[in-house]
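Colleague: Below is the structure I would like to discuss, written out as structure tokens.
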Amino acid sequence: MNPSNNSPLSIWQRVWRSAVREPFTGDRRSRLRLVMNNLVLHLHPSQVPARTLRFTYSFGLGGLAGLLVVILAATGMLLETAYTPSPDKAYTSILALSTRIWFGQFIRNLHHWSGNLMIIVVALHLLRVFFTGAFRAPREFNWLVGIALLLLTVMANFTGYLLPWDQLAYWAITVGSSIIVYVPFIGNGLSNVLLGGPEIGAATLLNFYALHISIIPMAMLALMSLHFWRVRKDGGLSLPRGVDEPPVSKDENVLTVADLVRPEAVWAMVALATLVVWAALVNAPLEALANPDASPNPAKAAWYFMGIQELLLHFHPLVGAIIIPTLGLLGLGALPYMDSDMNSVGIYFRSRRGRWLALFSAATGVLLTALYIVLDEYVIDFAGWFYGLPALVSNGILPLILLILGIIGYYEFVRRAFRATKCEGVLSVFVLVLAGFIVLTLVGVFFRGAGMQLMFPWEITPTH
Amino acid sequence: MTENQQRLCAPESLHSQTGIPRRDFLRLGWTALAGVAVVEAGVVSVGFFLPRLSEGEFGGVFKCGAVDKFPNGSVTPFNEGRFYLVRTQDGGFLALYRKCTHLGCAVPWDQTKQQFICPCHASVFDQNGDVLNAPAPRPLDLFQVNLVGDQVQVDTSKQTRRDRFDPTQIVYPT
């Protein structure tokens, strides 16, 4: 271990030694110390419970999100050198990526698809944590940090969406940022500050550029550090367990190097290879230069906001765009504080009954939401039925109260009809609302044509 | 009493004189100053971000031309200014901001139907900008129309929201 004291080290050996701090010999002690002494590996403890390595427990989703951040930072920094954030030059600089800059199109594709994928991965990570009950004490606060990171991921995508300055970007951001105007009292001012004026223009592009390349990434970096640190402080991953297995407090530990690091590296390489192939084959969308005089028909927000845009077709904007999403977010944040059943931590969907209820609630959520969308298109007309009332009441508050009563009713129904525990009841409502939101998003993206009319995907012909 | 008081051996009477212990007073002072610093930083950041409009662009005053240029019942688009200059059947003027009040799309004028029809979400407005068909929650916003001599000018620096169309919104040449 200790090189002989007699022979002096060469300068290269001395540099190497100064960097690695301690030579690696491969024995158990050295492996433990390697994790402690390495900045990146130090995110892990030096030993982990063997059963947390099960791939089908975590699916490596948190790590995957971390990998995407690294890819996005690397490709983003390259793109910064090729991009000019002004309405005159933005679009041409994006065009230049595909015509004049070596690998420009590929780097943009990689950045574009990684950004979109990250929303999906972060959302799946949230679902994994919820479905395994891993958000309960002592991990409640990290759940909140995770939600903040999800919002920042969406914000990063939203601000990046405008930068190509094509028709798609311009009108998606117009529609998306118009939602802000419906925030009570401060909405108009907020929108003016964000856009740097009443409409999207040069100031908006510069604001979004600054948000996209520095303000949001810096905030994410800070929160990611907190998030990773808390994972370790809160005792690492929750221990997975089978549905009929008794709780385990201790488990056999394995060494992080290499029992954890090896599968992580394999998963990262599989993900990276898949992304690289995808980015080489599928181009990021780019439409004609933005034209503020001509809105496309239909004009849709980015896909991750289509659930909210679909809600806007059914409710008064204040309710559809502000109140319901806010209630949803507050509910999401409150979940670990409402739920205290520690017995099911580590079991997917809580219990056998929980699994069955999740399936039942998903089916119910899909059917009810789809039914409501179709009925609202042809039958339901709150604004017409209560013509004398202001639209905010007839088409906003009233259906909102019905919706909330429906959700409470579903909870009580599940509790009584299926003798579900409180915790299984909360799970059922969560799945119900989640299924509804997914249906809203899918309908918004695939089943809305010109004038946002309900139609089948193959009937939609986009016009510009 | 509290640990601090014991350590300082402050006589009880001293506290009742001042009403608030020195330690608490200082702590309150620091907290208040920290609060002021946070507010200052917030005001500076928001102020720095505030919209910066330049003269002559959208946000300034537009000279549209002589009154006679616009026949009664006509709708003339001004793309630079993002508005339509409407001349009503009885000769008055309205400047309508073309931004749909639903989700901000640019609303085109349909000459044959004599309506503004939003391509994004099918809101329909009449010639006065009043809502004929939801989802738009309110009529198109207005810009100030000024008649200087026989010249029509539209000030786009500030849009006026309105809940419904009202004939007093129309500006008539004298």
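Colleague: For the range A:273-293, give me each residue that is of a type in the set (A, V, I, L, M, F, W, C) and surrounded by fewer than 17 Cβ atoms within 10 Å (Cβ to Cβ).
Modeller: If the condition is that a residue be of a type in the set (A, V, I, L, M, F, W, C) and surrounded by fewer than 17 Cβ atoms within 10 Å (Cβ to Cβ), then A:Ala273, A:Val276, A:Val277, A:Trp278, A:Ala280, A:Leu281, A:Val282, A:Ala288, A:Leu289 are the ones that fit.
Colleague: Further question on the same structure: For the range A:416-438, does any single residue satisfy the condition of being of a type in the set (Gly, Ala, Ser) and open to solvent by 20 Å² or more (accessible area, probe 1.4 Å)?
Modeller: Yes, the range A:416-438 contains at least one residue that is of a type in the set (Gly, Ala, Ser) and open to solvent by 20 Å² or more (accessible area, probe 1.4 Å).
Colleague: Further, regarding this structure: Please specify each residue of the range A:404-415 satisfying the condition of being more than 21 Å from A:Arg353 (Cα to Cα) and either modelled with pLDDT under 95 or buried (at least 18 other Cβ atoms within 10 Å of the Cβ) (or both).
Modeller: Once the filter is applied, which keeps residues that are more than 21 Å from A:Arg353 (Cα to Cα) and either modelled with pLDDT under 95 or buried (at least 18 other Cβ atoms within 10 Å of the Cβ) (or both), the range A:404-415 yields nothing.
Colleague: On the given criteria, is B:Lys63 surrounded by fewer than 17 Cβ atoms within 10 Å (Cβ to Cβ) and either touching a residue at least 24 places away in the same chain (Cβ under 8 Å) or among the acidic types (Asp, Glu) (or both)?
Modeller: Yes: the conditions hold for B:Lys63.
Colleague: Here is a follow-up. Only one of A:Ile94, A:Ile101 is out of contact with any His (no Cβ under 7 Å at 6 or more places or on another chain) and either in a loop (DSSP other than H, G, I, E, B) or closer than 30 Å to A:Pro247 by Cα (or both); which?
Modeller: A:Ile101
Colleague: A follow-up question, please. Looking at the range A:196-217, I want the residues that are within 21 Å of A:Val175 (Cβ to Cβ) and more than 8 Å from every other protein chain (Cβ to nearest Cβ) and have a partner that is not in a loop (DSSP other than H, G, I, E, B) and not aliphatic (A, V, I, L, M) with Cβ atoms under 7 Å, at least 6 apart or on another chain. Which pairs are those?
Modeller: Taking only residues 6 or more apart or on different chains, the pairs are A:Ile200/A:Tyr170; A:Ile200/A:Thr174; A:Phe208/A:Thr159; A:Leu211/A:Thr159; A:His212/A:Thr159; A:His212/A:Gly160; A:Ile216/A:Thr159.
Colleague: Shifting gears a bit: Please work out if A:Val231 is of a type in the set (A, V, I, L, M) and part of a helix (DSSP H, G or I).
Modeller: It is true that A:Val231 is of a type in the set (A, V, I, L, M) and part of a helix (DSSP H, G or I).
Colleague: State which residue pairs qualify: first residue assigned to a loop (DSSP other than H, G, I, E, B) and inside the range A:385-399, second residue open to solvent by less than 50 Å² (accessible area, probe 1.4 Å) and of a type outside the set (Val, Ile, Thr) in any location, beta carbons under 6 Å apart, and separation of 6 or more residues or different chains.
Modeller: Taking only residues 6 or more apart or on different chains, the pairs are A:Phe386/A:Ser394.
Colleague: Of all helices (runs of 4 or more DSSP H) completely enclosed by the range A:5-75, which ones contain at least 2 residues that are more than 30 Å from A:Leu239 (Cα to Cα) and aliphatic (A, V, I, L, M)?
Modeller: Output list reads A:11-20.
Colleague: Evaluate the following for A:Gly242: is it open to solvent by less than 30 Å² (accessible area, probe 1.4 Å), in contact (Cβ under 8 Å) with a residue 12 or more places away in the chain and under 23 Å from the mean Cα position of the chain (by Cα)?
Modeller: no
So that you can scan it fast, the table gives a plain yes or no per residue for (1) within 23 Å of the chain's Cα centre (by Cα); (2) at pLDDT below 90:
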{"site": "A:Ala258", "(1), (2)": "no, yes"}
{"site": "A:Trp267", "(1), (2)": "yes, no"}
{"site": "A:Ala271", "(1), (2)": "yes, no"}
{"site": "A:Val277", "(1), (2)": "yes, no"}
{"site": "A:Ala280", "(1), (2)": "no, no"}
{"site": "A:Asn283", "(1), (2)": "yes, no"}
{"site": "A:Trp303", "(1), (2)": "yes, no"}
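Colleague: Given (1) more than 18 Å from A:His212 (Cβ to Cβ); (2) assigned to a helix (DSSP H, G or I); (3) away from chain B (no Cβ under 13 Å), where does A:Ala137 come up short, assuming only one miss?
Modeller: So the condition that A:Ala137 fails would be (2).
Colleague: Yes or no: the range B:45-54 includes at least one residue that is within 12 Å of chain A (Cβ to nearest Cβ), exposed (fewer than 10 other Cβ atoms within 10 Å of the Cβ), under 30 Å from B:Glu80 (Cβ atoms) and at pLDDT below 85.
Modeller: Yes, the range B:45-54 contains at least one residue that is within 12 Å of chain A (Cβ to nearest Cβ), exposed (fewer than 10 other Cβ atoms within 10 Å of the Cβ), under 30 Å from B:Glu80 (Cβ atoms) and at pLDDT below 85.
Colleague: Please determine whether any residue of the range A:314-323 is modelled with pLDDT of 90 or more and surrounded by fewer than 15 Cβ atoms within 10 Å (Cβ to Cβ).
Modeller: No, that holds for no residue.
Colleague: Can you work out which of the residues in the range A:444-455 that are part of a helix (DSSP H, G or I) and more than 13 Å from A:Ala301 (Cα to Cα) is farthest from the other protein chains (Cβ to nearest Cβ)?
Modeller: Only one residue fits best here, namely A:Ala450.
Colleague: Then there is this: Count, please, the residues in the range A:269-310 that happen to be small (Gly, Ala, Ser), more than 14 Å from every other protein chain (Cβ to nearest Cβ) and within 30 Å of A:Thr204 (Cβ to Cβ).
Modeller: Selection size over the range A:269-310: 4.
Colleague: While we're looking at this one, here's another question. Take the residues of the range B:132-174 that are within 14 Å of chain A (Cβ to nearest Cβ) and of a type in the set (Ser, Thr, Tyr): which is nearest to A:Gly197 (Cα to Cα)?
Modeller: For the range B:132-174, the residue satisfying everything is B:Ser157.
Colleague: For the range B:111-123, give me the residue count where each residue is facing another protein chain (nearest Cβ under 10 Å) and either open to solvent by 10 Å² or more (accessible area, probe 1.4 Å) or more than 22 Å from the chain's Cα centre (by Cα) (or both).
Modeller: Matching residues across the range B:111-123 total 5.
Colleague: If you check A:Leu110 against the conditions, is it open to solvent by 20 Å² or more (accessible area, probe 1.4 Å) and either farther than 26 Å from A:Pro292 by Cα or in contact with a Lys or Arg (Cβ under 6 Å, 6 or more places away or on another chain) (or both)?
Modeller: No; evaluated as a whole, the condition is false for this residue.
Colleague: Those residues that are modelled with pLDDT under 95 and under 18 Å from A:Phe59 (Cβ atoms), I need them from the range A:133-165; list them, please.
Modeller: Residues satisfying the conditions are A:Gly133, A:Ala134, A:Phe135, A:Arg139.
Colleague: Same structure again: Pull up the range A:363-384, narrow it to residues that are away from chain B (no Cβ under 14 Å) and more than 28 Å from A:Ser428 (Cα to Cα), then point me to the one that is least open to solvent (accessible area, probe 1.4 Å).
Modeller: A:Val379
Colleague: Select, from B:Gly104, B:Gly73, B:Gly129, the only residue that is within 19 Å of A:Asp293 (Cβ to Cβ), open to solvent by less than 40 Å² (accessible area, probe 1.4 Å) and away from every other protein chain (no Cβ under 13 Å).
Modeller: B:Gly129
Colleague: Right, here's the next one. Here's a check for you: in the range B:133-145, which residue that is farther than 16 Å from B:Pro77 by Cα and modelled with pLDDT of 85 or more is surrounded by the fewest Cβ atoms within 10 Å (Cβ to Cβ)?
Modeller: Per the stated criteria, the residue is B:Arg138.
Colleague: Oh, and also: Can you find a residue that is free of Cβ contacts under 8 Å to residues at least 24 places away in the same chain and surrounded by fewer than 19 Cβ atoms within 10 Å (Cβ to Cβ) anywhere in the range A:117-130?
Modeller: Looking through the range A:117-130, at least one residue is free of Cβ contacts under 8 Å to residues at least 24 places away in the same chain and surrounded by fewer than 19 Cβ atoms within 10 Å (Cβ to Cβ).
Matching residues to (1) modelled with pLDDT under 90; (2) touching a strand residue (DSSP E or B) at 6+ places or on another chain (Cβ under 9 Å); (3) among the β-branched types (Val, Ile, Thr); (4) crowded, with 18+ Cβ neighbours inside 10 Å:
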{"residue": "A:Ala169", "(1), (2), (3), (4)": "no, no, no, yes"}
{"residue": "A:Ser178", "(1), (2), (3), (4)": "yes, yes, no, yes"}
{"residue": "A:Pro184", "(1), (2), (3), (4)": "yes, no, no, no"}
{"residue": "A:Leu190", "(1), (2), (3), (4)": "yes, no, no, no"}
{"residue": "A:Gly197", "(1), (2), (3), (4)": "yes, no, no, yes"}
{"residue": "A:Asn207", "(1), (2), (3), (4)": "no, no, no, yes"}
{"residue": "A:Ala210", "(1), (2), (3), (4)": "no, no, no, no"}
{"residue": "A:Met218", "(1), (2), (3), (4)": "no, no, no, no"}
{"residue": "A:Asp234", "(1), (2), (3), (4)": "no, no, no, no"}
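Colleague: Right, next: Which of the numbered conditions does A:Ile347 fail, given that it passes all the others? Conditions: (1) surrounded by fewer than 20 Cβ atoms within 10 Å (Cβ to Cβ); (2) away from chain B (no Cβ under 14 Å); (3) not in a helix (DSSP H, G or I).
Modeller: If we test A:Ile347 against (1) surrounded by fewer than 20 Cβ atoms within 10 Å (Cβ to Cβ); (2) away from chain B (no Cβ under 14 Å); (3) not in a helix (DSSP H, G or I), just (1) comes out false.
The values are calculated or read from the model by the stated rules, or taken from the named source; none is laboratory data. If you're wondering where the values come from, they're calculated on a predicted model, not measured in any experiment. Every residue, glycine as well, gets a Cβ built from its backbone with ideal geometry; the counts of neighbours run over all protein chains shown. Each accessible area value is taken on the protein alone, full model and side chains, heavy atoms only, with ligands, DNA and RNA left out. Shrake-Rupley method; radii C 1.70, N 1.55, O 1.52, S 1.80 Å.
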